[in-house]
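Student: I'd like to ask some things about the structure below.
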Amino acid sequence: MPELPEVECTRRRIAPDVEGRRILEFASLWPRKVFPSEGELSRRVQGQKIRPLQRHGKRLILPLSDGSAVTVHLGMSGNLEFHRHPPREQRHLRAMFSLSRGKLLFFDARKFGRIEWHPSLEAARAGLGPDALDPALTASAFGSALAKTRRPVKSALLDQSLVAGVGNIYSDEALFHARIHPLAPASSLTPARLARLFRAVRAVLRASVCRQGTSIDWVWPGGRMQHHLLVYGRTGEPCARCGAAIRHLVIGQRSCHFCARCQPPRTPRTPQGHRRRTSG
Ligand SMILES: [Zn+2]
């Protein structure tokens, strides 16, 4: 399933071909996944120029010249491709933007993706927390967002309304790097541990963007990050850090991989006598 790095790679790949192009026509072969409706989206985008593409979390945003925007959610298996001429192979083609030069095609085998028109850029980002790779996002803002909930930190990381862009693979990897147990209540983590998690999330996402994402099935070919995953999908294999077997849990219906030795359930408490007060 495409997560932030895969969506970012998609944005970078198609941007040079679609930015500045005018949309002549939109057509969908799967109108159930077009919002508000295929007819309205077609009317709204016709004649608009595509401004520089943006991404927020896993949402790809096509800002338009009149201030409105189209978002594309790749879902489980969606992909956007630019073609100068319509390709011969059109299996799983769900929608098509005809541009002033070439076509932007949306393929989606499993049909979990969606295309949506919004009256403004702000509306295109509605419901999402700050983007995990936003240069303006600070460790303290990230920490405050997660600390709002008592849910397991694994679930908090997957909640796109808190921080946008972290999915199942990269949340497992980030928690491993930050040495945090996935079931630890997010609100129980100290600011220092949340800051460590923040750095781990950013490092893992950036590394994956550099490696063209993770290719673990047919959905996203060409990525190299799968060779650098330390816990995700490695149940039973020895931990790269300590040698203990990687374990698997299901948290909120999502699979989770971790090392119980490197990510112990509770932080060892500092002996009372050695605790220092930093203020007061
Ligand atoms: Zn370990």
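Student: Within region 205-232, which residues are out of contact with any Gly (no Cβ under 9 Å at 6 or more places or on another chain), open to solvent by 30 Å² or more (accessible area, probe 1.4 Å) and either in contact (Cβ under 8 Å) with a residue 60 or more places away in the chain or within 15 Å of the ligand (Cβ to nearest atom) (or both)?
Tutor: 206, 230, 232
Student: Of the residues 219, 209, only one is more than 19 Å from residue 164 (Cα to Cα) and assigned by TED's automatic domain parsing to the domain that holds residue 147; which? Working first, answer last.
Tutor: Working: 209 fails: more than 19 Å from residue 164 (Cα to Cα).
So the residue among 219, 209 that is more than 19 Å from residue 164 (Cα to Cα) and assigned by TED's automatic domain parsing to the domain that holds residue 147 is 219.
Student: Out of 37, 68, report the one residue that is open to solvent by 30 Å² or more (accessible area, probe 1.4 Å) and modelled with pLDDT of 95 or more.
Tutor: On the way: 68 fails: open to solvent by 30 Å² or more (accessible area, probe 1.4 Å).
Testing whether each residue is open to solvent by 30 Å² or more (accessible area, probe 1.4 Å) and modelled with pLDDT of 95 or more leaves just 37.
Student: Which ones in region 235-266 are within 11 Å of the ligand (Cβ to nearest atom) and within 21 Å of the chain's Cα centre (by Cα)?
Tutor: Correct list: 258 only.
Student: Only one of 54, 46 is without any contact (Cβ under 8 Å) to a residue 24 or more places away in the chain and open to solvent by 40 Å² or more (accessible area, probe 1.4 Å). Can you tell me which? Quick ask: steps written out before the conclusion?
Tutor: Details: 54 fails: without any contact (Cβ under 8 Å) to a residue 24 or more places away in the chain.
After applying the criteria, what remains is 46.
Student: Condition test on residue 150, is it open to solvent by 10 Å² or more (accessible area, probe 1.4 Å), under 17 Å from residue 190 (Cβ atoms) and within 16 Å of the ligand (Cβ to nearest atom)? So that I can check it myself, show each step before the final result.
Tutor: Numbers: open to solvent by 10 Å² or more (accessible area, probe 1.4 Å): yes; under 17 Å from residue 190 (Cβ atoms): yes; within 16 Å of the ligand (Cβ to nearest atom): no.
The answer is no for residue 150.
Student: Contact list please: Cβ distance under 6 Å, first residue in region 243-256 and farther than 11 Å from residue 182 by Cα, second residue open to solvent by 60 Å² or more (accessible area, probe 1.4 Å) and within 10 Å of the ligand (Cβ to nearest atom), pairs at least six apart or on different chains.
Tutor: Sorted first by the residue in region 243-256, then by its partner, the pairs are 244/261.
Student: For the subset of region 83-97 comprising residues that are surrounded by fewer than 16 Cβ atoms within 10 Å (Cβ to Cβ) and in contact with a strand residue (DSSP E or B) (Cβ under 7 Å, 6 or more places away or on another chain), which member is farthest from residue 18 (Cα to Cα)? Quick ask: steps written out before the conclusion?
Tutor: Of all residues in region 83-97, those surrounded by fewer than 16 Cβ atoms within 10 Å (Cβ to Cβ) come to 83-91.
Then keep just the ones that are in contact with a strand residue (DSSP E or B) (Cβ under 7 Å, 6 or more places away or on another chain); that gives 83, 86.
Values: 83: 10, 86: 15 Å.
My answer is 86.
Student: Mind counting the residues in region 126-154 that are in contact with a strand residue (DSSP E or B) (Cβ under 6 Å, 6 or more places away or on another chain) and more than 23 Å from residue 206 (Cβ to Cβ)? Can you show your working first?
Tutor: From region 126-154, those in contact with a strand residue (DSSP E or B) (Cβ under 6 Å, 6 or more places away or on another chain) are 128-129, 131, 150, 152, 154; that's our starting set.
Adding the requirement that they be more than 23 Å from residue 206 (Cβ to Cβ) leaves 150, 152.
Selection size over region 126-154: 2.
Student: Quick check, is residue 2 open to solvent by less than 60 Å² (accessible area, probe 1.4 Å), outside any helix (DSSP H, G or I) and at pLDDT below 95?
Tutor: Values: open to solvent by less than 60 Å² (accessible area, probe 1.4 Å): yes; outside any helix (DSSP H, G or I): yes; at pLDDT below 95: yes.
Against the criterion (open to solvent by less than 60 Å² (accessible area, probe 1.4 Å), outside any helix (DSSP H, G or I) and at pLDDT below 95), residue 2 qualifies.
Student: Looking at (1) open to solvent by 10 Å² or more (accessible area, probe 1.4 Å); (2) within 16 Å of the ligand (Cβ to nearest atom); (3) touching a residue at least 40 places away in the same chain (Cβ under 8 Å), which one does residue 202 not meet, given that it meets all the others?
Tutor: (2)
Student: In the set 106, 112, which member is in contact with a strand residue (DSSP E or B) (Cβ under 7 Å, 6 or more places away or on another chain) and of a type in the set (A, V, I, L, M, F, W, C)? Give the steps one after another, and end with the answer.
Tutor: Values: 112 fails: in contact with a strand residue (DSSP E or B) (Cβ under 7 Å, 6 or more places away or on another chain).
Step by step, each of 106, 112 is checked, and only 106 is in contact with a strand residue (DSSP E or B) (Cβ under 7 Å, 6 or more places away or on another chain) and of a type in the set (A, V, I, L, M, F, W, C).
The values are calculated or read from the model by the stated rules, or taken from the named source; none is laboratory data. Computed from a prediction, not measured in an experiment: that's the story for all the values here. Reconstructed Cβ throughout: ideal geometry from the backbone, glycine too, with neighbour counts over all protein chains shown. Calculation scope for accessible area: heavy atoms of the full protein, side chains included, ligands and nucleic acids excluded. Shrake-Rupley method; radii C 1.70, N 1.55, O 1.52, S 1.80 Å.
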